[in-house]
1. Which loop trypsin sites (Lys or Arg not before Pro) in segment 70-116, with loop taken from DSSP, have no more than 14 other Cβ atoms within 10 angstrom of their Cβ?
2. Spelling out what I want: for every residue of segment 218-223, take phi, set θ = phi - 60°, compute 6.51 cos²θ - 1.76 cosθ + 1.60 (Karplus), and round to whole Hz; glycine and proline get x.
3. Work out, in µm²/s and without decimals, the Stokes-Einstein translational diffusion coefficient of the chain at 10 °C, 1.306 mPa s, Rh from Kirkwood over C-alpha pairs.
4. In terms of modelled amide H atoms, which long-range or inter-chain residues lie less than 5 Å from the amide H of L267?
5. So which aspartates and glutamates pass the test for K258, namely a Cα distance under 17 Å, with those fewer than 8 places away in the same chain ruled out?
6. Report for the chain the percent antiparallel among DSSP-assigned beta bridges with both residues inside it, nearest 5.
7. Helix 251-263 versus the longest principal axis of the chain: what is the Cα-based angle in degrees, 0 to 90, to the nearest 10?
8. Work out how much length L255 to S214 would gain on full extension: take 0.36 nm times their residue separation and subtract the Cα-Cα distance, in nm to one decimal.
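Bear in mind that the values in this text are calculations on the coordinates, not laboratory data. On a predicted model such as this, the values are computed, not experimentally measured, just so you know. Here Cβ is always computed from backbone atoms with ideal geometry, including for glycine, and neighbour counts include all displayed protein chains.
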Amino acid sequence: MNEQTAVTEATAVPATKKPALPDAQTVTQVKHWTDRLFSFRVTRPASLRFRSGEFVMIGLMGDVNEKTGKQKPLLRAYSIASPSWDEEMEFYSIKVQDGPLTSKLQHIKVGDEIIMRPKPVGTLVHDALVPGKRIWFFATGTGFAPFASLLREPETYEKFDEVIITHTCREAGELTYGAELIESLKHDELLNEVIGEGFWKKIKYYPTTTREESPKMGRITDLMRSGEAFKDLGVEPLNPDTDRAMICGNMAFNLELKDLFENTYNLEEGANSKPAHYVVEKAFLD
Ligand SMILES: Cc1cc2nc3c(=O)[nH]c(=O)nc-3n(C[C@H](O)[C@H](O)[C@H](O)COP(=O)(O)OP(=O)(O)OC[C@H]3O[C@@H](n4cnc5c(N)ncnc54)[C@H](O)[C@@H]3O)c2cc1C
Ligand SMILES: NC(=O)c1ccc[n+]([C@@H]2O[C@H](COP(=O)([O-])OP(=O)(O)OC[C@H]3O[C@@H](n4cnc5c(N)ncnc54)[C@H](OP(=O)(O)O)[C@@H]3O)[C@@H](O)[C@H]2O)c1
C-alpha cells in the first residue's frame, strides 16, 4: 500500500439518510493505557480472514460537510493487534489531540460502532520471510501493534527457536501495553495448550525508554551499534544464516535499522512476492 491509499476518505453518502455503515463492527472493550495511548476490541466479521501482522482501514463517520451536506467515512490504516485465530479484533491506538480520526476515536465506548474495511494487507507476515532460527521484532511506540498479533500467533513459535522483541518508547508508561501482553502469555492456558506448554520461554523482551528513567535507557539502534543490546540479551549480532526480522516504527527508525541491516548485518529485504531476511512497515505516515 502506498502513502496515498494508506489514509483514505471513502465514497460520500448523503447526510439526510442515517449513515449506512456496511462495514460496522461493535466495540466490545476499551482500555486506556496513558493519556496518549489506548487499545480496544471489536467484533470480527465471520467471513474475515487475515494473516497475523497485517493491517486494515478502520474509522468513524466524519462530520457533515456544511457545503455539500454529505458525510464521509474517515478511515486510517491500523495494524491488527490480535492474532489471526482470535474471534474478535484488537487495535492499539495513539490519541492525537487534533488528529481527524483519533480526536474522536479515543472517546469510543463499549457498544459503539466503528467502520472496518475487510481488506487486510501488509508486509509484516511470516510469508515474506525465508526460514531461520531466530526472529526479531523491532518496534517504537504503537509499532508494537503488529507484534502483539505475531507474539500470539502459533506460526511464530513453529518456525523459530527464539523470538526477540525490542520496544523503544519515550516514556516508561508507553511500554505497559506490550509488557502486560507479554507477561499474560505465561498464564494463557489456551495458547500454552495449542502452541505447547512454556512456549513463551522462547521470548526475549527488550524494552527501552529514551526520555524517562527506566531499567534500560537508549534507542535500540544505538544499543545495537555499541553491542550493548546483544550483550544484555546474550545473543550474537544478526546474521543472514540464522536471523530474520520485522521492523515497525517511525520513518527515521525504520530507515536507520534498514541501513544497519543492509550494511552491517548483510540482511536482504523481503516482500510477500519475494521472501527474504527482513521486512519493514511504517507505524504511521511521516
Ligand atoms: C500501515 C500503517 C499502520 C498503522 N497502524 C497503526 C496502529 O496500529 N495504531 C495507531 O495508533 N496508528 C497506526 N497508524 C497510524 C494511523 O493510520 C493514523 O495516522 C492515526 O490513527 C492518527 O490518525 P488521525 O486522523 O487522528 O491523525 P493523522 O492526521 O493521521 O496524524 C496526525 C499526526 O499524528 C502523528 N501520528 C499519527 N499516528 C501516530 C502513531 N501511531 N504514533 C505516533 N504518532 C502518530 C503523526 O505525526 C501525524 O502526522 C498506522 C499507519 C500506517 C501507515
Ligand atoms: N511520546 C510523547 O510523550 C509525546 C507527547 C506529546 C506529543 N508527542 C508527539 O507525537 C509524535 C510521535 O511521538 P512518539 O513518542 O509516539 O513517537 P516517536 O517520536 O516516533 O518516538 C518513539 C521512540 O522512537 C525513538 N526513535 C525516534 N527516532 C529513532 C531512530 N531514528 N532510531 C531509533 N529510535 C528512534 C524515540 O527516541 P527519542 O526520544 O530519542 O527521539 C522514542 O523513544 C511526535 O510528533 C511527538 O512530538 C509525543
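1. Sites meeting the loop and neighbour criteria: K109.
2. Those phi angles translate into x, 6, 4, 4, 5, 5 Hz.
3. Reported coefficient: 81 µm²/s.
4. E262
5. K258 reaches D222, D243, E268, E269, E281, D286.
6. Looking only at bridges with both residues in the chain, the antiparallel portion is about 55 percent.
7. 30 degrees
8. 12.2 nm
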